[in-house]
Amino acid sequence: MTRLLDELDLPKGLKHLMLSQLQQVAGEIREEIIDTVSKTGGHLASSLGVVELALAIHTVLESPNDKVIWDVGHQAYAHKILTGRLKEFASLRQYGGISGFPRTDESPHDVFDTGHASTSISVALGIAETRDLRDEDFTVLAVIGDGSLTGGMAFEALNHAGQLGTDLIVVLNDNEMSISRNVGGLASYLSRIRTEPHLLKARRELERIVKNIPFIGKDVSESMRKLKGSLKYLVIPSMLFEDLGFTYLGPLDGHNIPLLIRTIQHAKAKGGPVLIHVVTKKGKGYPQAEADPRAFHGVGKFHVPSGKLLASGGSKSLSEIFGEAVVRAASKDPRIIAITAAMPDGTGLNTFMKAYPERFFDVGIAEQHAVTMAGGLASQGFIPVVAIYSTFLQRAYDQIVHDVALQGLHVVFAVDRAGLVGEDGPTHHGNLDIAFLRSIPGMTVMAPMDEDELVSMLDFALGMKGPCAFRYPRSSAMDEKKIKACPPIEYGRGTLLLDGQDVAIIALGSMVYPSLDAAAILRNKGISAAVVNARFAKPVDEPLILKVSSKCKKALVVEEASVIGGLGNAVSDILSRKTQGKVDFAHLGIPDDFVTHGPREILLAECGLSAIGIAEAALRLCKPGGAVSMARGVGQTVASNIEGATETCEAEIP
Ligand SMILES: Cc1ncc(C[n+]2csc(CCOP(=O)(O)OP(=O)(O)O)c2C)c(N)n1
């Protein structure tokens, strides 16, 4: 049967549809999202929850002239379908396909690149101000979830927008969930609004009026007049948003299309900053996601009828192994505290949350606060372990410098999802942490080669003094480990895993095993490679590196991190100071560029960060004149097969 969705000229075509047709389109979009995400993985529950909202927005507004900004953007799948990307939708998050987040280079309807939370109101305000400065006429609307509203930046923007009085619509999508259940006073506040008796009465009255409007279309003026009076009920005096200078409309049923349409129309007509509070069900329309929105927030491939994950393997993720190790450590040391910024599941700290709830803090999407709070805890003799994905730790840089490192406080940073994360793409890759952490005075930076070393590094970090970070990739425990023994961690010391004569491969963290595989490839070509497990990106094991490099006269540093500011820079600095040009040097890492989305092993291989890529780089270095920095651009053809790349872990998406 042909779908209405296939016949429409989107988004314009929505404006001519009757309510029943809009409802039909909502159903078709849901099926499309469920079917696609079951094959590609992605942010299912959040996207299913805003189908009606996206429809209503695109029915009332005229995108791309009007500007719609989706906070985080993980929920923008319906928006993508409604703005001309139905045909490409099957390629969601695939290498070369459309992104899982709004991307300005993908469509003029994506007005800003997003991926990190709590930015939408600031972006919207900036755009609205340019409109006013240029005396233009268009609507700017930001959609922000109740989870993302816990981020301080959202409040900074609300505070400013209210003061400016700019025409701006903010839709608060309240589904009571962040990835896990939303936390904090704001969550309780929104819950009170949802259940307040006089608001419930007003909501019912409004829904009654809307129900009696037969058509959605051009002839809205009469209905609008009736509605305006009724909407006044929904303006509550003396409430947070009103006090910040916003007109508050809500709370509304976020799945009621006519109600949403009328309210957006009203907000547009009203002018000034308006906040529309909609209540939605995360996972709406797919029973398994409604029942467990946490599991279906970011999901791998799954079987649609049962909702069962088609997981790639049974191995534990590094995050889970880390989480269990912190619990073990905390059982011996009551000073250990665990902190997450809205990611208890993703970071593996959910185990700690259950074991030691009194020593566990989920601070909401508030990385800056997480780090400074850790500083406060450490100042009183506790040992906070702050587990944050590399990409989100970027947000807390000043806090690491000013509130932790400056005072030499003992805070342990577990930097998860370091390196290339895969399908979530450039907003989520964690390639900068080594560069930004190494430059902080007093900071120790480590990277484990595998799960055993991860646990040893955690224990080492807990026993240290001062700020300390260890970074590990989005990966799993190895089914069979080539290196069984894990000698104790010594401060600033690496280990020589394989001795060789011709080239020294100095590998960090996730690149150690591919480097050993590369050494095997090189051996078949008659080249004897030494492999050093650097362990520390700061302080670097200068004596070991000098010894092995001087012997081989050629040194290749390999790291899953930006070529700028990483271990490679540190080693090149040592060699140039201490070997008077006697060692040829090359450096393989993530290029100084924003890397696209796609399977992690493909992206790594494109950067040359696979066994074959490393072997090729070593071979080039061994040729006369081969000493170059060799970050390969993503998108360049990779002639070799992908071999020896680390496995991916499909089951969870940040
Ligand atoms: C700065 C930052 N920290 C953490 C995340 C990871 N993250 C992605 S979505 C999300 C929850 C967002 O909740 P909400 O805004 O309520 O949207 P919902 O998924 O419930 O629709 C989190 C924590 C992020 N994207 N950005």
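What follows draws every value from the coordinates through simple rules; no lab data is involved. What you are looking at is a predicted structure, and each value in this text was computed from that prediction instead of being measured. Neighbour counts are summed over all protein chains in view; Cβ atoms, including those assigned to glycine, are modelled from backbone coordinates with ideal geometry.
Label positions at Asp105 and Met18, each projected 7 Å from the Cα along the C-beta direction, are separated by 4.5 nm.
Placing a pseudo-label 7 Å from each Cα along the Cα-to-Cβ vector at Gln394 and Leu4 gives an inter-label distance of 4.1 nm. Once backbone amide H atoms are built at 1.01 Å from N, Ala142 has Ile69, Ile169, Val170, Val171 as its partners under 5 Å, excluding neighbours fewer than 5 places away on the same chain. Put in order of Cβ neighbour count within 10 Å, fewest first, the listed residues Leu406, Leu498 become Leu406, Leu498. If you take all other residues with their beta carbon under 11 Å from the beta carbon of Leu567, and give Lys and Arg +1 and Asp and Glu -1, the sum is -1. Residues of the chain were split at every exposed loop site, defined as trypsin sites (Lys or Arg not before Pro) in a DSSP loop with at most 13 other C-beta atoms within 10 angstrom, and the longest piece left, sites excluded, is 309-464.
Can you give the charge dipole size of the chain about its Cα centre, rounded to the nearest 20 debye, using +1 on the beta carbon of Lys and Arg and -1 on the beta carbon of Asp and Glu? Rounded to the nearest 20 debye, it is 420 debye. For region 333-340, backbone phi angles converted through the Karplus equation (6.51, -1.76, 1.60; θ = phi - 60°) give residue-by-residue couplings of 9, x, 7, 7, 10, 10, 10, 10 Hz, Gly and Pro being listed as x. Rounded to the nearest Hz, the phi-derived 3J(HN,Hα) couplings of region 415-432 under the Karplus curve 6.51 cos²θ - 1.76 cosθ + 1.60 (θ = phi - 60°) are 9, 7, 6, 7, x, 8, 8, x, 5, 6, x, x, 6, 10, 5, x, 9, 9, where x marks glycine and proline.
Extension gain, Glu290-Asp132: 0.36 nm per intervening residue step, less the Cα-Cα distance, totals 52.7 nm. Across all Cα pairs in region 4-291, the calculated P(r) in 10 Å bins from zero up to the longest distance comes to 6, 30, 39, 21, 3, 0 percent per bin. In this calculation the C-beta distance from Ser550 to Leu406 is compared with R0 = 35 Å, giving a FRET efficiency of 0.40. Our summary of shape: the Cα atoms of the chain have principal axis extents of 86, 57, 52 Å, ordered from largest down, in whole angstrom. How high is the relative contact order of region 238-319, in percent, counting Cα pairs under 8 Å that sit 6 or more residues apart? Rounded, it is 21 percent for region 238-319. Sequence-ordered 3J(HN,Hα) estimates for region 319-330 from the Karplus curve with 6.51, -1.76 and 1.60 and θ = phi - 60° stand at 5, 5, 5, 4, x, 5, 5, 5, 4, 4, 5, 5 Hz, glycine and proline given as x. Semi-axes of the equivalent ellipsoid for region 495-622, computed as √(5λ) from the eigenvalues of its C-alpha gyration tensor and ordered from largest down, come to 21, 17, 12 Å. Normalised by the number of residues in region 495-622, the mean separation of alpha-carbon contacts (under 8 Å, six or more apart) gives a relative contact order of 30 percent. Close amide H contacts of Arg474 (hydrogens built in the peptide plane, cut-off under 5 Å, sequence separation of 5 or more or a different chain): Arg417, Ala418. In summary, the lysines within cross-link reach of Lys525, defined as a Cα separation below 28 angstrom excluding same-chain residues under 8 places away, comprise Lys481, Lys482, Lys484, Lys547, Lys551, Lys553, Lys554, Lys582, Lys623. Note on the chain: antiparallel DSSP beta bridges, both residues inside, total approximately 15 percent of the bridges counted. Each of Glu453, Glu559 was scored by other Cβ atoms within 10 Å of its Cβ. Listed from fewest to most, they are Glu453, Glu559. Only aspartates and glutamates eight or more places from Lys87 in sequence, or on another chain, were considered; those with a Cα closer than 18 Å are Asp6, Glu7, Asp9, Glu28, Glu31, Glu32, Asp35, Asp105, Glu106, Asp110.
Legend: translational diffusion of region 318-471 by Stokes-Einstein, Rh = Kirkwood radius over C-alpha pairs, 20 °C, 1.002 mPa s; D = 143 µm²/s. Can you spot the lysines whose alpha carbon is less than 16 Å from Lys465's alpha carbon? Ignore those fewer than 8 places along the same chain. Cα-Cα hits under 16 Å: Lys538. Sorted ascending by nearby beta carbons within 10 Å, beginning with the fewest, Leu61, Leu349 become Leu61, Leu349.
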